[in-house]
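Step one of this worksheet: look at the structure below.
The values are calculated or read from the model by the stated rules, or taken from the named source; none is laboratory data. As the structure is a computational prediction, the values presented were derived from the model and not from experiment. Glycine gets a Cβ as well: all are built from the backbone with ideal geometry, and neighbour counts include every protein chain shown. What goes into the accessible areas is simple: the full protein's heavy atoms, side chains included, and nothing from ligands, DNA or RNA. Shrake-Rupley method; radii C 1.70, N 1.55, O 1.52, S 1.80 Å.
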Amino acid sequence: TRAASLLQVRKVMTALGMAGPALLLPVFGATHSLAAAIAVLCALLGFATVNLSGVLANHLDIAPHNVGEMQGITNTVATVPGMASVAITGYLLHHFESWSAVF
């Protein structure tokens with residue numbers, strides 16, 4: 001059998017790591033029981049960790065001697081939407097008084 005190339009594996013891992021949480025987040029928002037919410041959240045986070053094997057290795061490919069600096073820059077840029085989403089979520093909850101507007 002033919003083994004998958006490194007690029008193919010990274011693409012598949014990145015796609016699973018991005019698509020899995022994107023598909024499960026609305027399911028998480030629609031759950032009505034604690035057990036279902038925990039199960040969906042565990043699956044969501046499991047898919048999200050798969051993304052790491054595809055994305056984090058790119059720093060080594062781009063700048064093998066400056067991985068720390070690259071990691072710091074990209075993590076800083078990636079954190080900005082996370083900080084903004086807190087304010088947006090607060091606004092939506094205050095305005096619509098429902099989590100359905102958030103999800």
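Our helix-only sum for the chain, with -39,500 (n - 2.57) per DSSP H run of n ≥ 4 divided by its residues, gives a mean residue ellipticity at 222 nm of -28000 deg cm²/dmol. The stretch between residue 8 and residue 33 holds 5.2 nm of extra length on full extension. This uses 0.36 nm per residue minus the Cα-Cα distance.
Placing a label point 7 Å from the Cα of residue 101 along the Cα-to-Cβ line, the residues of the stretch 75-92 whose backbone N sits under 19 Å from it are 84-92.
Full extension of the segment from residue 74 to residue 52, taken as 0.36 nm per residue of separation minus the current Cα-Cα distance, would add 6.6 nm.
Each residue, residue 41 and residue 18, gets one label point 7 Å from its Cα in the Cβ direction; the gap between the two is 2.6 nm.
Summary value for the stretch 27-103: 27 percent relative contact order, contacts being C-alpha pairs under 8 angstrom separated by 6+ residues.
Here the accessible area of the chain is 73 percent carbon and sulfur, with a 1.4 angstrom probe and all protein chains present. Per residue, the solvent-accessible area of the chain (1.4 Å probe, heavy atoms of protein chains only, all protein chains present) comes to 73 Å².
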